[in-house]
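The values are calculated or read from the model by the stated rules, or taken from the named source; none is laboratory data. These figures come from a predicted structure and were not determined experimentally. A quick note on method: Cβ atoms are made from the backbone with ideal geometry, for glycine too, and the neighbour counts reach across all protein chains shown. Only protein heavy atoms, including side chains, enter the accessible area calculation; ligands, DNA and RNA are left aside. Shrake-Rupley method; radii C 1.70, N 1.55, O 1.52, S 1.80 Å.
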Amino acid sequence: MNSESKLSQTANSSFTMDDFAKALEKHDYQFQKGQLVHGKVFQLDHDGAYVDIGGKSSAFLPRDEASLRAVTDLSEVLPLQEEMQFLIIRDQDAEGQVTLSRKQLEIQHIWERLTEMQENAQTVQVRVMGVNKGGVTVDILSLRGFIPRSHLAERDNLEALKGQNLTVGFLEINRNTNKLILSQRLATRSSNFSLLELGQLVEGKVTGIKPFGVFVDLSGMSALLHIKQVSQKFIDSLEKVFQVGQPIKAVIIDLDEGKGRVALSTRVLENFPGEVLENMDEVMASAEARANRANNKASE
């Protein structure tokens, strides 16, 4: 090999090394906050863990970002050399190091799970942690949720709910604002709806009287007995027929779970027009037999 060839080889070699370093820098991953990455923990210390995610510098995961649950031994949740998924929670510093979290990734997965549960109209169990004037705060899969007083079955003694487990449905889920509003009444309604069917005789209590009808509580679920469904005879005033707190039996004539609507009828229990108005006690006492007769007649 002549000297010219050797010189060319040396020049190319020197150039290639420099170019290689620049190429590495140029094509290095541009890690950003919010990005999901895969990596392996290669070192643990008191403050956290160092993770190889394929960048110029190792990434760092602080101890308090290791898990949602309290951790005494990091190796329990961050085993060495095991590939795991992480969430970047802080952009690269001057040395190119990013900050990672497993805790925030777990929280993200919980929000996704709760959103899916809401879309499927599912219920979930929560634990009451605190009380304020507007309702109660709860722990829901390690997140903080809120149940307004108006959506609790027990509204008069909120302090008594502390430490209790409640079954709730979802009113509002907003990950951006960390808003998680829940309802015990919604869950009760959903549960009760599964027990109801058209033509069923139900028993409840009158909770409100309006010109157009009577509201009836069915084990925490509100139903409506419209004025036209009270009797086959014209009624000029429902307050002359019913009192708040009065027990009543009626037949379900319409169900709409989406709107939370249950329509009742005592009209179908009558043997003659106006019987409910003239002899309510007798109609209620034999309501079951009357309801069966009405259902048999409807199926003919």
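For Val262, which of the numbered conditions (1) open to solvent by 70 Å² or more (accessible area, probe 1.4 Å); (2) aliphatic (A, V, I, L, M); (3) within 34 Å of the chain's Cα centre (by Cα) fails to hold?
Failed condition: (1).
Considering only residues of region 39-53 that are outside any strand (DSSP E or B) and in contact with a strand residue (DSSP E or B) (Cβ under 7 Å, 6 or more places away or on another chain), which is nearest to Ala94 (Cα to Cα)?
Among residues in region 39-53 that are outside any strand (DSSP E or B) and in contact with a strand residue (DSSP E or B) (Cβ under 7 Å, 6 or more places away or on another chain), the one nearest to Ala94 (Cα to Cα) is Ile53.
Pairs needed: first member in region 192-215, within 11 Å of Gln243 (Cα to Cα); second member anywhere, hydroxyl-bearing (Ser, Thr, Tyr) and open to solvent by 100 Å² or more (accessible area, probe 1.4 Å); C-beta distance under 6 Å; at least 6 residues apart or different chains.
Once the first residue is within 11 Å of Gln243 (Cα to Cα) and sits in region 192-215, no partner that is hydroxyl-bearing (Ser, Thr, Tyr) and open to solvent by 100 Å² or more (accessible area, probe 1.4 Å) comes close enough.
How many residues are open to solvent by 30 Å² or more (accessible area, probe 1.4 Å) and modelled with pLDDT of 90 or more if we restrict to region 144-166?
Selection size over region 144-166: 11.
Are there any strands (runs of 3 or more DSSP E) wholly within region 95-142 with 1 or more residues that are within 30 Å of Ala59 (Cα to Cα), and if so which?
99-101
Among the residues of region 219-241, what is the count of those that are of a type outside the set (Lys, Arg) and open to solvent by 100 Å² or more (accessible area, probe 1.4 Å)?
Number of matching residues: 3.
Out of everything in region 119-136 that is surrounded by fewer than 16 Cβ atoms within 10 Å (Cβ to Cβ) and closer than 19 Å to Asn174 by Cβ, what residue ends up being modelled with the highest pLDDT?
My answer is Gly134.
Take region 186-218 and flag every residue that is open to solvent by 30 Å² or more (accessible area, probe 1.4 Å), in contact with a strand residue (DSSP E or B) (Cβ under 8 Å, 6 or more places away or on another chain) and under 16 Å from Gln122 (Cβ atoms).
Leu186, Thr188, Arg189, Ser190, Ser191
If you take the residues of region 221-245 that are without any contact (Cβ under 8 Å) to a residue 24 or more places away in the chain and not in a loop (DSSP other than H, G, I, E, B), which of them is nearest to Val268 (Cα to Cα)?
Ile227
When the residues of region 69-112 are filtered to those that are among the β-branched types (Val, Ile, Thr) and in contact with a Lys or Arg (Cβ under 8 Å, 6 or more places away or on another chain), which remaining residue is modelled with the lowest pLDDT?
Val71
May I ask you to verify whether Gln85 is open to solvent by 90 Å² or more (accessible area, probe 1.4 Å) and assigned to a strand (DSSP E or B)?
no
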